[in-house]
1. Using beta carbons and a limit of 6 Å, which pairs, at least six apart or on different chains, have the first residue in the range 166-179 and within 21 Å of Val202 (Cβ to Cβ) and the second one in a helix (DSSP H, G or I)?
2. I'd like the residue in the range 164-194 that is out of contact with any Phe, Trp or Tyr (no Cβ under 8 Å at 6 or more places or on another chain) and hydroxyl-bearing (Ser, Thr, Tyr) and, out of all such residues, is farthest from Ser109 (Cα to Cα).
3. From Leu226, Leu152, Leu145, which residue is surrounded by 14 or more Cβ atoms within 10 Å (Cβ to Cβ), closer than 30 Å to Pro253 by Cβ and outside the structural domain of Lys90 (by TED's automatic domain parsing)?
4. Taking the range 306-323 on its own, how many of its residues are surrounded by fewer than 17 Cβ atoms within 10 Å (Cβ to Cβ), part of a strand (DSSP E or B), of a type outside the set (Gly, Ala, Ser) and free of Cβ contacts under 8 Å to residues at least 24 places away in the same chain?
5. Answer yes or no: is there a residue in the range 297-305 that is assigned to a loop (DSSP other than H, G, I, E, B), aliphatic (A, V, I, L, M), modelled with pLDDT of 85 or more and within 21 Å of the chain's Cα centre (by Cα).
6. Looking at Ile216, Ile203, Ile277, which is the one that is outside any loop (DSSP other than H, G, I, E, B), surrounded by 15 or more Cβ atoms within 10 Å (Cβ to Cβ) and outside the structural domain of Arg73 (by TED's automatic domain parsing)?
7. Which condition number does Tyr82 fail, the rest of (1) at pLDDT 90 or above; (2) outside the structural domain of Val159 (by TED's automatic domain parsing); (3) exposed (fewer than 13 other Cβ atoms within 10 Å of the Cβ) being met?
8. Would you call Ala162 crowded, with 16+ Cβ neighbours inside 10 Å, under 30 Å from Ile203 (Cβ atoms) and within 55 Å of the chain's Cα centre (by Cα)?
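The values are calculated or read from the model by the stated rules, or taken from the named source; none is laboratory data. It should be emphasised that the depicted structure is a prediction, and the values quoted were computed from it without experimental measurement. Here Cβ is always computed from backbone atoms with ideal geometry, including for glycine, and neighbour counts include all displayed protein chains.
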Amino acid sequence: MTLNPYSMTRTMQKLALPLLLLAGLSACEKPAPASPPPRPAMVMQLGEPDGLAHGNWLTGEVKARYESAQGFRIAGKILQRYVEVGEQVKRGQPLARLDAEDTRLSAASAQADLAAAEAELSLAETDQRRQHKLYEQQFISAAALDNVQTRLKSTQARVAQARAQAGVARNQTQYTLLTAERDGVVTSINAEPGQVVSAGEVIARVAVPNTLEVQIAIPEAVRTSLQPGDATSIRLWSHREQVYEGRIREIAPAADTLTRTFQARVTILQPDSHMQIGMTAGVRLASQTPGFIVPSTAVARRGDQAEVWVVDAEKRVHPKTVSIGEFSEQGVNILAGLDGNETLVVAGVHTLVDGQQVNPTPMERQP
């Protein structure tokens, strides 16, 4: 059988047309949209000690309970400084020295005045004895004898005054040397050789590192629930894994006029080598309010209800209705609705969608 070339061409054209139509339709179809990438979300874990927990965390500074701010008792020019910051010192150890030339001259002048007064006293005593003998022999009157005795008493008073001034001058020569009042460590030095200082100006601070405390400012909202002797927990900014036991030693009876907070001192019961003066520490106070303290940015409003956003195991967010209490400097108190194991979103909660995929980022840890 012989195939007609013309009929074959027509057949192929008929078959090619549907294929071209299918290809065109396939090219017009839009690709399936790609799922959006997970959104970054700042979160905080309720169960972590650095996150949200029962009670209130306050930031403070580690200080020595006993610290001396030492300065010279007289004004003068510093000639020499004997210690550096951080150096261990013993009681009586020299810290700095003033130029003693002026005090030596003052002491010499006072000593000369004393010698002159004592010479006058010797003369007055001799005169008084002589005049007394003449009075006994009735060569002078009683009034003349009284004048001699009065002059003697006046000279004695001038001697006592000169002796006291000489003692002050001698003491001032000793005041040119500043010594440590107790065993401790030098925490700061505020003067250098050549500097002229006034009397009482703080030159150095010496702290006793054996007894350490944390100084904190207590808000008015929690002041009434705290008393000296209450137990606390303490954690260092630089060593967060270790939690120290503490106890409130004192609370100021009046609020600060500027910050409206009450200054308090918390004694660290068992400090170790990680605890150094000047470090930043967090103090957790025992709270009598139930629930959790969370940042105010973690709470959103939906009508009359408050809600937080919880991140599940698949890193998706879901709203959760909670009951809130009062607001404070630390955040807002969650009274009910959380069990303590949730991971909460703490920023941008008003833009979240239920079931949205997120990329959790822990918020910056506070002391």
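1. Close Cβ pairs (under 6 Å, with a partner that is in a helix (DSSP H, G or I)) amount to Gln172/Thr103; Thr176/Thr103.
2. Residues of the range 164-194 out of contact with any Phe, Trp or Tyr (no Cβ under 8 Å at 6 or more places or on another chain): 164-174, 177, 179-181, 183, 185-194.
Right, trim to hydroxyl-bearing (Ser, Thr, Tyr) and you get 173, 179, 187-188.
On the way: Thr173: 13, Thr179: 26, Thr187: 39, Ser188: 37 Å.
Among those residues, the one meeting the criterion is Thr187.
3. Leu226
4. 2
5. No, every residue in the range 297-305 fails to be assigned to a loop (DSSP other than H, G, I, E, B), aliphatic (A, V, I, L, M), modelled with pLDDT of 85 or more and within 21 Å of the chain's Cα centre (by Cα).
6. None of the others qualify; the one that does is Ile216.
7. The one condition Tyr82 does not meet is (3).
8. No, not satisfied.
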